[in-house]
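Colleague: A single structure is presented below for examination.
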Amino acid sequence: MTDMTGSRLCGGSTDGSGGHAALVRTFDAWAAEGRDASMERGHGDVVAQVVAKLGIKPGEQILDLGCGNGWATRLLAKAAPGAGAIGVDASPKMVERAESLHSYTIRARYEVAHFEKLPFNDKKFDRAFSMEALYYAVDLDAALAELARVLKPGAPADVVVDFHGENEASRVWADWGKSSGLAMHFLGRDEWGRRFERAGFGSLAFERLIDSRGPGDPQKFRADVCEPDWETRCKIHAAGSLWIHGVKAQ
């Protein structure tokens, strides 16, 4: 995740000890500090690449897991005539930001919810999307099972993460938030596949996506715990995002 100065936002321990309270505390603070806007700037290029390939159909109803201020939710809702999207986030402050930025010309809305307990009926959605959020799930297997529950049979789920096993340089992000207790699941492609299959998804496919804008301007680079030097930043950019695609079983 990229903050307002262009450096990375990251956080959390890998043990999941902080639970939902840590998620709410962390992302409420980010919303209060204005960091929500940087998510669109940091991830917008990759998300645009994915959405262009999804083939969203008119009228489809889409779930956006970890919506933040709703920028991707709105993008999904605008992807086809009559399409609609609901974004969910554990952070009430992020949902407040999403609602404040909402346009009533877009069929989108936002709800406070945890991934492990979504406030929707079975088989509600035609597809699901998530950008740089699912690895924060307190209980990843429960979150994926809940995702499968609210999707229609044959519905696709498209999840994109930057913190993944094939992006070894991103492993340092966990150091930033060990004291916060955030759950960060540092999984490689194969393990993500096993988790999706266990939740009832098939037709798995994976793609690595590289931000077309490059790693940024080295003259403006500012080192932090998540990117301690320019070399690390370049490695993270070169490794790219992992796009996980799965289809709920019929």
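The values are calculated or read from the model by the stated rules, or taken from the named source; none is laboratory data. These figures come from a predicted structure and were not determined experimentally. Quick reminder, even Gly has a Cβ in these numbers, built from the backbone with ideal geometry, and neighbours come from all protein chains shown.
Colleague: Within the range 220-250, count every residue that is out of contact with any helix residue (DSSP H, G or I) (no Cβ under 8 Å at 6 or more places or on another chain), more than 20 Å from residue 164 (Cα to Cα), at pLDDT 95 or above and not aliphatic (A, V, I, L, M).
Modeller: Of the residues in that region, 0 qualify.
Colleague: For residue 111, work out the one condition from (1) buried (at least 24 other Cβ atoms within 10 Å of the Cβ); (2) assigned to a strand (DSSP E or B) it doesn't fulfil.
Modeller: Here residue 111 meets the rest and fails (1).
Colleague: Of all residues in the range 119-137, how many are crowded, with 21+ Cβ neighbours inside 10 Å and either among the polar types (S, T, N, Q) or more than 14 Å from the chain's Cα centre (by Cα) (or both)?
Modeller: 3
Colleague: Count, please, the residues in the range 217-232 that happen to be touching a residue at least 40 places away in the same chain (Cβ under 8 Å), in a helix (DSSP H, G or I) and either closer than 17 Å to residue 168 by Cβ or of a type in the set (A, V, I, L, M, F, W, C) (or both).
Modeller: The total comes to 1.
Colleague: Give the residue, chosen from 182, 151, that is surrounded by 22 or more Cβ atoms within 10 Å (Cβ to Cβ), within 19 Å of the chain's Cα centre (by Cα), modelled with pLDDT under 95 and not aromatic (Phe, Trp, Tyr).
Modeller: 182
Colleague: Being in a loop (DSSP other than H, G, I, E, B) and on the phi < 0 side of the Ramachandran plot is the filter here; which residues of the range 45-76 pass it?
Modeller: The answer is 56, 57, 58, 60, 67, 69.
Colleague: Moving on. Among the residues of the range 92-108, write down those that are in a loop (DSSP other than H, G, I, E, B) and touching a Phe, Trp or Tyr at 6+ places or on another chain (Cβ under 9 Å).
Modeller: 102
Colleague: Would you please list the contacts, defined by Cβ atoms under 6 Å and residues six or more apart or on different chains, that run from a residue in the range 179-193 that is farther than 21 Å from residue 28 by Cα and part of a helix (DSSP H, G or I) to a residue that is modelled with pLDDT of 90 or more and among the β-branched types (Val, Ile, Thr)?
Modeller: Listed by first residue and then by second, the contacts come to 192/244.
Colleague: Answer yes if at least one residue in the range 199-216 is without any contact (Cβ under 8 Å) to a residue 24 or more places away in the chain, exposed (fewer than 15 other Cβ atoms within 10 Å of the Cβ) and either in a strand (DSSP E or B) or not polar (S, T, N, Q) (or both), and no otherwise.
Modeller: yes
Colleague: What is the one condition in (1) modelled with pLDDT under 95; (2) surrounded by 21 or more Cβ atoms within 10 Å (Cβ to Cβ) that residue 176 does not satisfy?
Modeller: With respect to (1) modelled with pLDDT under 95; (2) surrounded by 21 or more Cβ atoms within 10 Å (Cβ to Cβ), residue 176 is out only on (2).
Colleague: Condition first: in a strand (DSSP E or B) and in contact with a Lys or Arg (Cβ under 6 Å, 6 or more places away or on another chain). Now tell me which residues in the range 123-169 satisfy that.
Modeller: Passing the criteria: 151, 156.
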